[in-house]
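These notes are about the structure you will find just below.
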2 protein chains.
Amino acid sequence: MNYILFKSEQNQETIVQEAIPKGPAGEGVVDGSQAGQTALMPWDMPRYRNWIAVAKVHALVEKAMAAGLAPLALKLPHYDILANVYRFPGLTQQDLANRMLVGRSNLSMLLPELERRGLVKRTPDGEDRRVRRLTLTSEGRVLTLRALKVQVEVIEGMMAALSAAECEALGDFMRRVGHHMLGHPPAPDSPI
Amino acid sequence: MNYILFKSEQNQETIVQEAIPKGPAGEGVVDGSQAGQTALMPWDMPRYRNWIAVAKVHALVEKAMAAGLAPLALKLPHYDILANVYRFPGLTQQDLANRMLVGRSNLSMLLPELERRGLVKRTPDGEDRRVRRLTLTSEGRVLTLRALKVQVEVIEGMMAALSAAECEALGDFMRRVGHHMLGHPPAPDSPI
DNA sequence: AATATATAGTTCATCATTGAACATAATGAT
DNA sequence: ATCATTATGTTCAATGATGAACTATATATT
């Protein structure tokens, strides 16, 4: 059975036929590069590999952030909340969920812990009784600044491999991609 | 209490003093941009913003992947395993964990489910009785190809916002950053 | 040969995240 | 005024991921 796997950059369809197993005593070990009519697999394609590189760096940064935040007794999701609330005091839980690209229920699980630790306050909105608005306590702000310092160090350490022009190009590319994926033109104060 | 938050690109230290709360009736709403001696916050810095853009795109791609894989009854972590085992048949669980940048215990939780579904086989190594080697079944390979098609569509859709040169530059940047973070020069068959 | 150290994979408890379902409130249509 | 629809946040069950502790095995040291 053949699949049309993808079109190459030259708009040429690549068809992959299920590879025939080979290997010692027919043990099922398969050489993926021996597939069908064209040997091209996604990892042979530049765009795919470029995205895998992005994904790997993202995983490395998350690990570095987790390690850097551990001495502050702060997990990455909690820090994300604190940083966003520091930057946009008074935002709603729905707004925060949109910015963090997580579900509302996740925040309903995470926020009580930050409240309990005395870092965040949730207050009812003056007009809409469904809404709660988020602000940091003074202790929350202090901790957030310390955690921001950690994040800046991770990002600066990472970006040291790039020139300023390269770093700016990276940001331009990613913002453009982000807006493209969201399907609308860039807006002020967009989460991207 | 002041913090040295970070050094700017001109190597100038930025000091942030805790912002003074303001807002209606002293309700604790804080304007982060009114901090201390210099108003620069991380989100005012290009490198920080550039990384946030990368992180946002990564989150969007993960959502798109999850949505695209749902009709195949496949979750993203399971797909990651299948794709890596397809590409490197016979690899060990330890090797797979390294490539996926997750812990060995995570794979011990995920792999039995793929085994139960008849997608993956775990076989003892011929020489080292601690080791199990991973291969896909024929059904696993078929499903993996279908899932690869989904991933390629997501990546192609994303990269449509970039020219070929921009996409290649992006990959170059990220590979360099990845190697920089791992602290060693690029190697053949590196996870980055 | 005996012992110490390192490695591969598993189990465990804990936490983050998801998506469905729910309760309450606001808005829009009639 | 009433009803339908949408929005906000919470609860629930299920699942993915982590890091410590464990078992079994391999390797290095003495």
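The values are calculated or read from the model by the stated rules, or taken from the named source; none is laboratory data. Predicted model, so just to flag it, every value in this text is computed and none were measured. Every residue, glycine among them, receives a Cβ derived from its backbone with ideal geometry; neighbour counts consider all protein chains shown. Just so you know, the surface numbers come from the protein's heavy atoms only, side chains and all, with ligands and any DNA or RNA stripped out. Shrake-Rupley method; radii C 1.70, N 1.55, O 1.52, S 1.80 Å.
What the table shows:
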| read-out | value |
| --- | --- |
| For A:90-103, mean number of other protein chain Cβ atoms within 10 Å | 1 |
| Protein accessible surface hidden between A and B, which excludes ligands and nucleic acids, total in Å², probe 1.4 Å | 7800 Å² |
| ³J(HN,Hα) computed for each position of segment A:120-133 - Karplus, 6.51 cos²θ - 1.76 cosθ + 1.60, integer Hz, glycine/proline x | 10, 10, 10, 10, x, 6, x, 10, 10, 6, 7, 8, 10, 9 |
| Loop sites in segment B:107-157: GluC sites (Glu not before Pro), DSSP, at most 15 other Cβ within 10 Å | B:GLU127 |
| Estimated FRET transfer efficiency when R0 is 45 angstrom, pair A:MET109-B:ALA164 (beta carbons, to 0.05) | 0.55 |
| Average beta-carbon neighbours from other chains, 10 Å sphere, peptide A:158-169 | 5 |
| Accessible area of B:LEU76 in the full protein assembly, 1.4 Å probe (Å², nearest 10) | 30 Å² |
| Rough spin-label spacing in nm, given labels placed 7 Å along Cα→Cβ, for A:GLN94 and B:GLU153 | 3.1 nm |
| Sequence of A:VAL57, A:VAL154 from largest to smallest accessible area, 1.4 Å probe | A:VAL154, A:VAL57 |
| Residue-averaged beta-carbon neighbours from other chains (10 angstrom radius) around A:145-155 | 5 |
| Global form of segment B:62-169, assessed from the alpha-carbon gyration tensor, a/c cut-off 1.5 | prolate |
